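Undergrad: Below you will find the structure I want to go over with you.
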Amino acid sequence: STISKNSLKNSLLQLECYFTWTLLKEDVDLGNLEESIREQMEFFRQPNVANYNLLSYVCHLKGSDEKALENLQKAEEELQKYYPNEIDRRSLVTWGNYAWIYYYMDRYKEAQAYINKVENSCKNLSNTAQLKIQLPEIYAEQGFALLKFGGKYYDRAKECFQNALRKEPNNPEFNAGYAIAMYRLEEFSNRRCEEIDPSLEPLKRAVELNQMDTYLLALLALKLQDLGQVDEAERCIEDGMQKTPNLPYFLRYAAKFYRKKKEVDKALKVLEKAIALSPKSVFLRHQIAVCYRAKLFELKNSTTDPPQDQMEELIQICISLFKQVCEQKPKFFAALTNLARMYAEAMMYEEAEETFQKALHVNILNDFDKQEICYYYGSFLQHQKKSESEAIMYYKEGMKTGNNYFAKKIRQSLKKLLSRKIQRGLGDEEDFGTLGLIHQLEGEKLEAIAWYEKANECNPYKEEYLSALCELRLSL
């Protein structure tokens with residue numbers, strides 16, 4: 001009997017696997033993701049079932065289903081080796097992936113066979129005929145996959161690890177995943193100036209349960225450093241150096257710790273060691289560039305008359321390093337922004353302009369990334385290119401969302417720029433309206449009303465000013 005495509009699709013959508021977890025390829029740079037999975041497999045010797053599962057999904061997204069199948073075979077070999085007595089339970093995600101890939105290859109019979117395997121397993125494990133079963137290790141695998149797909153997914157990752165921990169509160173791996181998700185969410189929300197549950201306790205707990213995991217130890221150190229507990233943070237870093245002196249994952253965070261402590265040369269030493277161990281790592285190269293940038297700004301701000309030749313040498317080093325990173329990783333917006341700022345330092349304005357534009361057009365930016373670029377780009381247009389109108393345009397673009405660090409900086413710059421323009425008698429209706437909006441966003445209602453009224457005098461019929469005035473007057 002032929003298997004109908006529709007009934008197959010129905011069953012496939014019920015499976016718990018990478019294909020049903022809405023991991024979208026437009027949110028991630030697939031080349032980078034693949035590199036980071038392979039790096040992880042090289043340096044961490046855990047069972048690599050989940051890594052092979054994720055790799056097979058990445059191969060599928062890159063259009064190579066044959067390669068995807070090869071990785072699923074490797075996942076099965078790992079399962080045989082590490083979980084010979086739990087094959088049924090541990091294979092559900094792998095089998096789900098198999099079913100989907102065979103479906104995409106139009107091999108419906110094989111797809112159906114894997115759906116049946118999942119169904120029989122679920123029956124044995126829970127006595128009910130269904131295609132999914134709430135297992136903590138599946139929640140955890142989903143959580144780790146979500147973490148790999150970037151900031152948009154961190155909230156969902158946190159929920160997955162919470163679900164896993166409800167079933168097994170003392171599981172070291174689930175605690176590690178939860179702590180990492182919390183740490184990243186916290187970093188993310190600090191950029192947005194939101195309050196979030198602190199990650200300190202989850203990190204301490206995870207470190208306690210994973211004594212040899214120095215990656216967690218490094219995150220804990222950075223967290224303690226942020227909280228001003230520098231001595232305890234330094235102890236964590238030294239402990240990590242003892243345990244895993246040759247683990248690039250640890251070394252890169254140790255370097256970040258020293259850089260934030262203003263010990264840039266020490267940070268560079270650590271990074272040189274890490275990049276010798278992992279020469280392909282774009283992340284490490286970017287960190288080295290950031291250290292040289294720190295040296296540059298230190299020199300620039302240390303005296304009124306910094307030595308020009310040293311300055312120029314550092315600028316050139318930064319440009320060449322950031323450029324290498326951008327060539328390897330065209331979507332790495334932080335590197336692009338850094339490169340553009342360095343071109344501006346070197347007075348290479350055309351290159352700066354071109355690179356800012358590239359950064360703005362990266363398709364995996366969120367609003368906060370965009371704001372950061374708009375701030376630096378606007379400031380470049382205003383101060384170096386002396387183009388106020390363009391600067392105003394990009395500042396306005398970046399002002400729209402949120403109340404974070406860069407949103408505030410943009411509002412301050414824009415307020416100064418517009419006030420000066422108006423003092424020179426060059427202000428127009430748009431400028432008055434924008435100032436109204438800035439004051440409104442900063443909660444200064446009377447100033448906002450005054451500016452909106454000015455804008456309204458120039459253009460009495462514009463809906464935007466009328467409704468803003470109405471809303472503000474009502475709220476007084």
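The values are calculated or read from the model by the stated rules, or taken from the named source; none is laboratory data. All figures in this text were calculated on a predicted structure; none of them were measured in a lab. All Cβ positions, even for glycine, are placed from backbone atoms using ideal geometry, and neighbour counts span all protein chains on display. All accessible areas refer to the heavy atoms of the entire protein, side chains included, with ligands and DNA or RNA removed. Shrake-Rupley method; radii C 1.70, N 1.55, O 1.52, S 1.80 Å.
Undergrad: Stretch residue 327-residue 230 to full length: gain in nm at 0.36 nm per residue minus the Cα-Cα span?
TA: Computed gain between residue 327 and residue 230 is 31.3 nm.
Undergrad: A further question follows. For region 428-475, just say rounded, prolate or oblate: build the C-alpha gyration tensor, square-root its eigenvalues into a ≥ b ≥ c, call rounded for a/c under 1.5, and beyond that prolate if a/b exceeds b/c, oblate if not.
TA: Oblate, since a/c reaches 1.5 and b/c is not below a/b.
Undergrad: Along region 67-80, what does the Karplus equation 6.51 cos²θ - 1.76 cosθ + 1.60 (θ = phi - 60°) give for ³J(HN,Hα), rounded to whole Hz, x for Gly and Pro?
TA: Couplings: 4, 4, 5, 4, 5, 5, 4, 5, 4, 5, 4, 4, 4, 4 Hz.
Undergrad: Okay, next question. Which of the following values of semi-axes √(5λ) of the Cα gyration tensor in Å was calculated from the structure shown: (1) 35, 33, 25; (2) 46, 30, 22; (3) 40, 29, 19?
TA: (2)
Undergrad: Ok, one more. Sorted by accessible area (1.4 Å probe), largest first, how do 88, 65, 431 line up?
TA: The most accessible residue leads, giving 88, 65, 431.
Undergrad: Now for a separate question. Can you list the trypsin sites (Lys or Arg not before Pro) in region 402-476 that are in a DSSP coil and have 11 or fewer other beta carbons within 10 angstrom?
TA: Passing both the DSSP loop test and the Cβ count: 424.
Undergrad: How large is ³J(HN,Hα) for each residue in region 427-443, as worked out from phi by the Karplus curve 6.51 cos²θ - 1.76 cosθ + 1.60 (θ = phi - 60°), to whole Hz, x for Gly and Pro?
TA: x, 10, 3, 4, 5, 4, x, 5, 4, x, 5, 4, 5, 4, 5, 8, x
Undergrad: Still on this structure: Determine the gain in length on full extension of the stretch residue 305-residue 357; use 0.36 nm per residue of separation and subtract their C-alpha separation, reporting nm with one decimal.
TA: In short, 15.5 nm is gained.
Undergrad: Specify the inter-centroid distance of region 237-265 and region 11-59, based on alpha-carbon positions, in whole Å.
TA: Taking the Cα centre of each part, region 237-265 and region 11-59 sit 28 Å apart.
Undergrad: With all protein chains present and a 1.4 Å probe, how do 182, 212 order by accessible area, largest first?
TA: Sorted by accessible area, descending: 212, 182.
Undergrad: To continue, here is another question. Determine the gain in length on full extension of the stretch residue 458-residue 7; use 0.36 nm per residue of separation and subtract their C-alpha separation, reporting nm with one decimal.
TA: Working it through step by step, the gained length comes to 156.0 nm.
Undergrad: Once ligands and nucleic acids are excluded and a 1.4 Å probe is used, how much of residue 252 is accessible, expressed in Å² to the nearest 10?
TA: Counting only protein heavy atoms, residue 252 exposes about 40 Å² to solvent.
Undergrad: I've got another one for you. For residue 263 and residue 127, FRET efficiency with R0 = 51 Å and r from the beta-carbon atoms, rounded to 0.05?
TA: 0.25
Undergrad: Let me ask you something else. Is the C-alpha gyration tensor of region 1-133 telling us rounded, prolate or oblate? Criteria: a/c under 1.5 is rounded; beyond that, a/b larger than b/c is prolate, otherwise oblate.
TA: It comes out oblate by the Cα gyration axes.
Undergrad: Residue-wise, which Karplus ³J(HN,Hα) couplings in Hz belong to region 201-214, taking 6.51 cos²θ - 1.76 cosθ + 1.60, θ = phi - 60°, and x for glycine or proline?
TA: 5, x, 5, 4, 5, 5, 5, 4, 7, 10, 4, 8, 7, 7
Undergrad: Separate question: Which FRET efficiency value, to the nearest 0.05, is calculated for residue 64 and residue 170 with the Förster distance at 30 angstrom and r the Cβ-Cβ distance?
TA: Efficiency for this residue pair is about 0.15.
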